[in-house]
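Readers should treat all values here as calculations from the given coordinates under stated rules, not as data from a laboratory. Computed from a predicted model, the values in this text were never measured in an experiment. With ideal geometry, Cβ positions are generated from the backbone for all residues, glycine too; neighbour counts draw on all protein chains shown.
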There are 2 protein chains.
Amino acid sequence: MSHGDALRDRIIGTYESMPPQLQQAARHILEHPDEVALVSMRELARNAGVQPSTMTRLAKFLGFDGYEDIRAHHARAIRLRVDGFAAQQQRSSDSGEGLAQQMLYSLSAQINRLAEPASIARLEAAAERLAQARRVYVLGLRSCHLVAWHFHYVMRLLGERTEHLDGLAGTIGDGLMRAGAEDVLLAISISPYARHSLELAQLAREKNMGVVAITDSEVSPLIGIADEAILCATESPTFFHTLSPALAVSEVLCGLLANRDRAAALEALQKADQHLQGLNTYSGAIPKRQ
Amino acid sequence: MSHGDALRDRIIGTYESMPPQLQQAARHILEHPDEVALVSMRELARNAGVQPSTMTRLAKFLGFDGYEDIRAHHARAIRLRVDGFAAQQQRSSDSGEGLAQQMLYSLSAQINRLAEPASIARLEAAAERLAQARRVYVLGLRSCHLVAWHFHYVMRLLGERTEHLDGLAGTIGDGLMRAGAEDVLLAISISPYARHSLELAQLAREKNMGVVAITDSEVSPLIGIADEAILCATESPTFFHTLSPALAVSEVLCGLLANRDRAAALEALQKADQHLQGLNTYSGAIPKRQ
DNA sequence: CTCGTATTGCAACAATTGTTTTATAAAGTA
DNA sequence: TACTTTATAAAACAATTGTTGCAATACGAG
């Protein structure tokens, strides 16, 4: 029960009742579990000092259809170790899980991966760069609009430093008219990259503005332009890309920025609250209809 | 980059000068480094959406003899990671983790919790209700705007059944003018609940429309109104609420809806793709400025 | 437009894969 | 001892692998 590894336990449990050659093969697998997924069966057999057929026989002895099941098991172990955290979840009935479950597990893992040190460092560097800017122009087109909107909405609650290039009525980029070297463009774009986004980012660069990017790959066109870039996963078991990790990035950036001066943030939020309350914006229950 | 990964840097460095197919292959390898050693080249190519020969060509482009060199490199990376496991052990325990890490761990857990059976059941019920509607009106104000926008954006790629009540220029609710009992309102609202959202939901109810809600609590005012409701966490270690779980819910709903008729979805997406391509919407690299 | 080049998809290729079969050897039983 | 059962090795097998050559296509320079 030490590893929660069913196959491993099965091998150990039945080891005594195996013929000598199977024992030798089984022992080798126990002692080099990672090799199983990394080399061919024939090579593994050679390293174990047994015949290739012995590996197949071992698989059948353990109740599998063939060697492929053993390899798949060890490959999965490696992949899980990469996620590190996915081990927390009992992915019990494997392929039996529905699409919804699959999507949510995947999302959870993708966001968890954003917490890796390398990623955290990038987040903090980006926050630093944004904090220093006089103004922050936020750009996110098409699917990325929601991320840009979120960032702008939250930062507006904190102050006036942010401007959203939403491109309403074809005004995209008008906001950059008075932008300069002291300002920063926060550009959000994932594959397929909206041409306008790239053009505007390039324009910002030419104006000597700072550029911070939220994008999806080390080879995204934004990487070459940006001073700081944050990478987020976008893959999904559906037809679409996922934007949840990108939104999480935006939320973290907002959190980090607000955290730099907690007192000021708190005050700004109270002011915003007061304002909205004056407008009777919120309600705790279904209002009576007039 | 501090990865100390020569091959990775090589790919990134030469990426720009690769032909499109090679880029696609290279990109897939960058984003799924572990898969390289765990699956066959043909399968990797399939997952990357390229021909098998492209992988060989990529290897030669990078100066190797063949694909085997690429695989060997990634296999070595995995083996190293297994050994150097102890060195990486620095996680958790130290409660000194920064705000960013805290936020991301929390988010990951919140989304993971959405995958619980009770939650999944609600998601599927909601998707079912939405699928049956003649039209779906999407409503999300203030912070929830991004979720509504996402749902509408994605569903619009699939068809014309969705309408977004964005309230631009004070037109909130105008869209419901011709809505009736065969239609459904998808209302997204979290505490503090926007008064307008609740009013509109109530109006929809009075018009005998169906109501599906994405909200944050069993005691949300929307619960009494909605036929189906999905609950998502919103707590965050920051000053703000988080919307990532709500966005995840929207993504799952879109995924489930698209999944009901995969063929139709695929066709619709291809049509959308074609349309956007005709408009030259996307670009793979920084366009030359005129 | 036309040509020359570069890129791509396709199909054939030998090599290698995991498996199965067959024959031999060993071990156990009466 | 002879005979059955079990375990192993070797060889044959179809399937799949990574690679290559070639024809079709897209692309850019003139």
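Here is how the numbers come out for the structure above:
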quantity	calculated
The stretch A:11-42 versus the stretch A:51-80: alpha-carbon centroid distance in Å	9 Å
Crossing angle, helix B:20-31 versus chain B [Cα axis fit, 0-90 degrees, rounded to tens]	80 degrees
Förster radius 22 Å - calculated FRET efficiency between A:Asp174 and B:Leu168, Cβ distance, rounded to 0.05	0.80
For residues of A:197-205, the mean tally of beta carbons on other chains within 10 Å	2
Among beta bridges that DSSP assigns inside chain A, antiparallel share in %, nearest 5	0 percent
Inter-part distance where the stretch B:218-290 and the stretch A:252-270 are each reduced to a Cα centre, Å	28 Å
Most mobile listed residue (B:Thr171, B:Thr234, B:Thr242) in chain B, GNM with C-alpha springs under 10 Å	B:Thr171
Average beta carbon contacts from partner chains per residue of A:149-156, 10 Å cutoff	3
Estimated distance in nm for a label pair at B:Glu68 and B:Leu276, the labels positioned 7 Å out from Cα along Cα-to-Cβ	4.2 nm
Set of aspartates and glutamates with alpha-carbon distance to B:Lys207 below 13 Å, sequence-local pairs under 8 removed	B:Glu182, B:Asp183, B:Glu199
Nearest 10 degrees, 0 to 90: helix B:99-113 Cα axis against chain B principal axis	70 degrees
Gyration tensor verdict on the stretch A:223-262 (Cα atoms; rounded if a/c is under 1.5, prolate if a/b is larger than b/c, oblate otherwise)	oblate
Chain B, helix-only ellipticity at 222 nm - DSSP H runs n ≥ 4, -39,500 (n - 2.57), divided by all residues, nearest 500	-17000 deg cm²/dmol
Summed side-chain charge close to B:Ala226 - residues other than B:Ala226 whose Cβ falls under 15 Å, Lys, Arg +1, Asp, Glu -1	-4
Most to least packed among A:7-20, B:9-22 [average Cβ atoms within 10 Å]	B:9-22, A:7-20
Rounded to 5, percent antiparallel among DSSP beta bridges of the protein assembly as shown	5 percent
Per-copy distances of the B:Leu30 label point, shortest first, in nm (7 angstrom along Cα→Cβ)	4.4
Neighbourhood net charge (10 Å Cβ-Cβ; Lys/Arg +1, Asp/Glu -1) for A:Met155	0
Tilt relative to chain A, helix A:145-158 - C-alpha long axis, 0 to 90 degrees, to 10	60 degrees
Distance between modelled label sites at A:Ser53 and A:Ala131, nm, 7 Å Cα→Cβ extension	6.9 nm
Relative contact order (%) - the stretch B:6-86, alpha-carbon pairs under 8 angstrom, separation at least six	27 percent
Reachable aspartates and glutamates from B:Lys60, criterion Cα separation under 15 angstrom, eight or more residues apart if same chain	B:Glu68, B:Asp69
Placed amide H near A:Ala229: partners under 5 Å, 5+ positions off or other chain	A:Ala213
Dipole-positive endmost among B:His275, A:Leu80, A:Ile29 within the protein assembly as shown (Cβ charges, Cα centre)	B:His275
Taking the stretch A:90-183 and dividing mean pair separation by its residue count, relative contact order in percent (alpha carbons under 8 Å, at least six apart)	23 percent
Peptide A:218-224 - average C-beta neighbours from other chains (10 Å radius)	6
For B:Pro19, label point 7 Å along C-beta direction: distances to other copies, nm	5.3
Nm distances between copies for B:Glu235, ranked from closest, using label points 7 Å along Cα→Cβ	3.3
Relative contact order (%) - chain A, alpha-carbon pairs under 8 angstrom, separation at least six	14 percent
